[in-house]
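Colleague: Have a look at this one before I ask anything.
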Amino acid sequence: MTTMMLLLLLLVASCAAIPQNLQGKMFTFPEQTNTAHVRLTTSRQNFNAVTVCFRFFTDLSREYSLFSLAVPSVYNGFLFYKSLNSFDVCVRNTCPKFEGLDFKLNKWHSVCGTWEAASGLAQLWLNGQPSSRKPASKSNINGSIIIALGQDQDSHGGAFDAKQSFVGMMSDLHMWDYRLSPCEIREYATEFGYAKGNVLNWNSLEFQTTGTVLIENNLKNCQ
């Protein structure tokens, strides 16, 4: 490899690691695929509590994965999965189902999932409205963390299935290392003065895209 090529590769890698402010933007996943995804970067490797929030829009009527956090020992470390009649929030491979929520196609939704090891309970919030709290795991999530948007990791960082891929738009993703209060989650849902994520922050996000994933102006701002 020539010196010039090496410098170019280092420059590309360096650019990919620079946090970007995605305020007013969204990721668009335009097609079913077993490759396209967004990989998020965090240096954290141990969690005893988690909150993840984001907004999404889709017309999919099949199952699909939205947010997939995997560690080498547990592929479903923290997973948002939309089943046919429920949302699943998996923590360390335990996947409580949250049913009866007011979910509609072709509409922007805000969704938050919370979990803490102390109680072992997980909860899902859709558009600021809570589900029941359900048992998940009382063990920490720890190890070398890989986070993928738009695909379900069936191995650590891969083994994607096109039939589980997300097709649609996603924005405003944040992740915290604690359980947000109900008031904080409602502030996120209404987009009014909420605290940005201290693990993943949409306004300063480190990520890499693979395959056809577009970064576009957020259409919900025009509605």
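The values are calculated or read from the model by the stated rules, or taken from the named source; none is laboratory data. These numbers come from a predicted model, not from an experiment. Using ideal geometry, Cβ is built from the backbone for each residue, glycine included, and neighbour counts are taken over all protein chains shown. Protein only, heavy atoms only, side chains kept; ligands, DNA and RNA dropped before computing areas. Shrake-Rupley method; radii C 1.70, N 1.55, O 1.52, S 1.80 Å.
Colleague: Restricting to the range 37-74, name every residue that is outside any strand (DSSP E or B), modelled with pLDDT of 95 or more and in contact with a Gly (Cβ under 8 Å, 6 or more places away or on another chain).
Modeller: Once the filter is applied, which keeps residues that are outside any strand (DSSP E or B), modelled with pLDDT of 95 or more and in contact with a Gly (Cβ under 8 Å, 6 or more places away or on another chain), the range 37-74 yields Thr58, Asp59, Leu60.
Colleague: Shifting gears a bit: Working carefully through the options Phe160, Phe192, find the one that is more than 18 Å from Phe87 (Cβ to Cβ), free of Cβ contacts under 8 Å to residues at least 12 places away in the same chain, open to solvent by 30 Å² or more (accessible area, probe 1.4 Å) and not in a strand (DSSP E or B).
Modeller: Only one candidate passes the filter, namely Phe192.
Colleague: Determine if the range 125-141 includes at least one residue that is assigned to a loop (DSSP other than H, G, I, E, B), touching a residue at least 60 places away in the same chain (Cβ under 8 Å) and of a type in the set (A, V, I, L, M, F, W, C).
Modeller: Within the range 125-141, none of the residues are assigned to a loop (DSSP other than H, G, I, E, B), touching a residue at least 60 places away in the same chain (Cβ under 8 Å) and of a type in the set (A, V, I, L, M, F, W, C).
Colleague: Now, a different point. Just the residues that are outside any loop (DSSP other than H, G, I, E, B) and either basic (Lys, Arg) or free of Cβ contacts under 8 Å to residues at least 12 places away in the same chain (or both), please, taken from the range 163-189.
Modeller: Lys163, Cys183, Glu184, Arg186, Glu187
Colleague: Can you name the condition, by its number, that Ser144 falls short on among (1) out of contact with any His (no Cβ under 8 Å at 6 or more places or on another chain); (2) assigned to a loop (DSSP other than H, G, I, E, B)?
Modeller: In the conditions (1) out of contact with any His (no Cβ under 8 Å at 6 or more places or on another chain); (2) assigned to a loop (DSSP other than H, G, I, E, B), Ser144 misses (1) alone.
Colleague: Does the range 197-204 contain any residue that is closer than 22 Å to Tyr75 by Cβ, open to solvent by less than 50 Å² (accessible area, probe 1.4 Å) and either within 17 Å of the chain's Cα centre (by Cα) or modelled with pLDDT under 95 (or both)?
Modeller: yes
Residue by residue, here is whether (1) out of contact with any strand residue (DSSP E or B) (no Cβ under 6 Å at 6 or more places or on another chain); (2) crowded, with 24+ Cβ neighbours inside 10 Å; (3) within 28 Å of Glu216 (Cβ to Cβ) holds:
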{"position": "Gln32", "(1), (2), (3)": "yes, no, yes"}
{"position": "Val38", "(1), (2), (3)": "no, no, yes"}
{"position": "Thr41", "(1), (2), (3)": "yes, no, yes"}
{"position": "Ala49", "(1), (2), (3)": "no, no, no"}
{"position": "Arg55", "(1), (2), (3)": "no, no, yes"}
{"position": "Leu69", "(1), (2), (3)": "no, yes, yes"}
{"position": "Tyr81", "(1), (2), (3)": "no, no, yes"}
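Colleague: Return the residue satisfying two criteria in turn: it lies in the range 120-141 and is among the polar types (S, T, N, Q) and under 28 Å from Leu22 (Cα atoms), and of such residues it is most open to solvent (accessible area, probe 1.4 Å).
Modeller: For the range 120-141, the residue satisfying everything is Gln129.
Colleague: When the range 21-36 is examined, which residues are found to be part of a strand (DSSP E or B) and among the β-branched types (Val, Ile, Thr)?
Modeller: Matches in the range 21-36: Thr28 only.
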